[in-house]
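Report on the structure given below.
The values are calculated or read from the model by the stated rules, or taken from the named source; none is laboratory data. All values reported here derive from a predicted model rather than from experimental measurement. Here the Cβ positions follow ideal geometry from the backbone for every residue, glycine too, while neighbour counts run over all protein chains shown.
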Amino acid sequence: MVSQSPDIKITPEAPVRAPSAVPVDDAVLAFEVGALDLRGRLTRLGPALDEILHKHDYPPAVGKLLGEAIVLTTLLGSSVKFEGRFILQTRTEGPVSLLIVDFQAPDRLRAYARYDASRLKNGQSSGELLGKGHLAMTIDQGSNTSRYQGLVALDGGGLEEAAHEYFLRSEQIPTRVRLAVGEEMRGGEGGKLHWRAGGILLQFLPKAPERAKQADLHPGDAPEGTATHSVPDDDAWVEGQSLISTVEDVELIDPDLSGERLLYRLFHERGVRVFNPQTLRAQCSCSRDAVSSMLKSFAPNDRAEMVKDGKVVVTCEFCSSVYEFTPQEAGVE
């Protein structure tokens with residue numbers, strides 16, 4: 001969690017001020033509701049998301065789905081407290097076969113999607129676009145450390161459901177996620193559309209671990225008729241889930257509603273404390289030198305096959321930047 005700012009607290013125990021009415025885009029706002037043992041993060045994305053999605057001519061449904069993946073990545077990756085990467089990736093059999101979002105701590109984002117345009121249909125849900133496959137979340141702290149990776153099966157559900165399943169099975173932390181992506185039209189721009197997105201992640205983290213106990217996972221091979229283990233939710237978590245379920249998509253992406261005001265709407269009766277916003281930016285890590293090094297790592301025959309019309313052309317899948325090399329520069333003899 002980002003460091004606490006003493007001038008932006010909204011709690012019963014601390015000096016109180018009105019929530020800021022100034023919207024802050026391209027940022028993650030950490031918060032806590034001490035009375036309910038809740039912590040969370042709120043993401044609002046505007047220009048950074050618009051830049052990433054407009055690097056490619058995605059159909060609206062694909063852009064929306066990739067936007068959801070970007071929001072989810074910021075909610076999860078912004079908790080990383082070291083210099084490294086958080087990578088979210090899906091591989092599925094649906095019309096959108098690949099999503100990849102690369103968050104480089106503390107603030108850099110890049111992303112892209114692969115899809116089959118012939119399989120896209122009007123009205124498809126996120127789950128229908130993804131289909132069956134898996135979602136991988138990888139933490140990479142650099143070449144001197146081992147990667148950590150968590151996998152979640154995708155079985156026709158969306159990214160919110162996948163996030164819930166991940167926290168249930170891997171982290172065992174009661175968690176709820178809301179994601180919203182949409183386009184807005186601004187006056188004076190000739191009807192040009194701009195992407196916006198928002199998301200909120202809420203977790204129940206009581207000091208007494210028994211209060212966060214969850215039901216045992218289904219073993220999968222239990223005899224038919226075996227009673228399913230269940231544990232009643234703590235009252236504080238019931239209240240937290242009830243509150244987050246009231247958040248509407250339009251509230252998450254409203255350019256005129258500040259994150260602080262949205263959190264105040266949700267939790268003011270219990271008292272909510274907010275922390276310094278963590279800014280985000282769209283920035284690819286590709287460069288001519290990096291692409292040149294990549295080319296030289298290929299086998300000589302592979303490099304030779306890449307020569308077309310007397311040059312080697314490489315296009316970055318993330319940002320669509322084009323790099324051209326002579327055969328000699330690419331190491332082709």
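Quick check, is LEU168 touching a residue at least 60 places away in the same chain (Cβ under 8 Å) and within 23 Å of THR74 (Cβ to Cβ)? Write out each step before concluding.
Working: touching a residue at least 60 places away in the same chain (Cβ under 8 Å): no; within 23 Å of THR74 (Cβ to Cβ): yes.
For LEU168, the condition - touching a residue at least 60 places away in the same chain (Cβ under 8 Å) and within 23 Å of THR74 (Cβ to Cβ) - is not met.
What are the residues in region 85-111 that are under 17 Å from VAL28 (Cβ atoms), surrounded by 20 or more Cβ atoms within 10 Å (Cβ to Cβ) and not hydrophobic (A, V, I, L, M, F, W, C), if any?
ASP102, ARG110
Quick one: in region 157-179, of everything that is part of a loop (DSSP other than H, G, I, E, B) and in contact with a Ser or Thr (Cβ under 9 Å, 6 or more places away or on another chain), which residue is nearest to GLU251 (Cα to Cα)?
Within region 157-179, the subset part of a loop (DSSP other than H, G, I, E, B) is 157-158, 172-174.
Filter once more, so that each one left must be in contact with a Ser or Thr (Cβ under 9 Å, 6 or more places away or on another chain): 157-158.
Details: GLY157: 23, GLY158: 20 Å.
Once the filter is applied, the top-ranked residue is GLY158.
When region 43-87 is examined, which residues are found to be at pLDDT 95 or above, of a type in the set (D, E, K, R) and either in a loop (DSSP other than H, G, I, E, B) or over 16 Å from GLN278 (Cβ atoms) (or both)?
Those that are at pLDDT 95 or above, of a type in the set (D, E, K, R) and either in a loop (DSSP other than H, G, I, E, B) or over 16 Å from GLN278 (Cβ atoms) (or both): ASP50, GLU51, LYS64, GLU68.
Inside region 53-63, can you point out the residues that are in contact with a Phe, Trp or Tyr (Cβ under 7 Å, 6 or more places away or on another chain) and surrounded by fewer than 19 Cβ atoms within 10 Å (Cβ to Cβ)? I'd like the intermediate steps shown before the answer.
Residues of region 53-63 in contact with a Phe, Trp or Tyr (Cβ under 7 Å, 6 or more places away or on another chain): 53, 56, 62-63.
Passing the criteria: only HIS56.
Given the criterion closer than 16 Å to PHE318 by Cα and surrounded by 19 or more Cβ atoms within 10 Å (Cβ to Cβ), identify the matching residue among LEU66, LEU38, LEU129. Break it down into steps so the answer makes sense when it comes.
Details: LEU38 fails: closer than 16 Å to PHE318 by Cα; LEU129 fails: closer than 16 Å to PHE318 by Cα.
Residue meeting the stated conditions: LEU66.
Could you tell me whether any residue of region 231-243 is out of contact with any strand residue (DSSP E or B) (no Cβ under 9 Å at 6 or more places or on another chain), at pLDDT below 95 and hydroxyl-bearing (Ser, Thr, Tyr)?
Checked against the condition, which is being out of contact with any strand residue (DSSP E or B) (no Cβ under 9 Å at 6 or more places or on another chain), at pLDDT below 95 and hydroxyl-bearing (Ser, Thr, Tyr), region 231-243 yields no hits at all.
For region 73-114, how many residues meet the condition of being farther than 16 Å from ARG41 by Cα, out of contact with any Lys or Arg (no Cβ under 8 Å at 6 or more places or on another chain) and basic (Lys, Arg)?
The qualifying residues number 4.
Here is a yes/no grid of residues against (1) farther than 13 Å from LEU42 by Cβ; (2) of a type in the set (Ser, Thr, Tyr); (3) free of Cβ contacts under 8 Å to residues at least 60 places away in the same chain:
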residue	(1), (2), (3)
VAL247	no, no, no
PRO255	yes, no, no
SER258	no, yes, no
ARG261	no, no, no
HIS268	yes, no, no
VAL272	no, no, no
PRO277	no, no, no
LEU280	no, no, no
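Results for (1) free of Cβ contacts under 8 Å to residues at least 12 places away in the same chain; (2) in contact with a Phe, Trp or Tyr (Cβ under 7 Å, 6 or more places away or on another chain); (3) buried (at least 20 other Cβ atoms within 10 Å of the Cβ), shown as yes or no for each residue.
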site	(1), (2), (3)
SER118	yes, no, no
SER146	yes, no, no
ALA153	no, no, no
HIS164	no, no, no
ILE173	no, yes, no
ARG178	no, no, yes
HIS194	no, no, no
GLN203	no, no, yes
ARG211	no, no, no
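Kindly indicate the residue of region 306-323 that is exposed (fewer than 12 other Cβ atoms within 10 Å of the Cβ) and out of contact with any strand residue (DSSP E or B) (no Cβ under 8 Å at 6 or more places or on another chain) and also nearest to GLY67 (Cα to Cα) among those meeting that condition.
The residue in question is LYS308.
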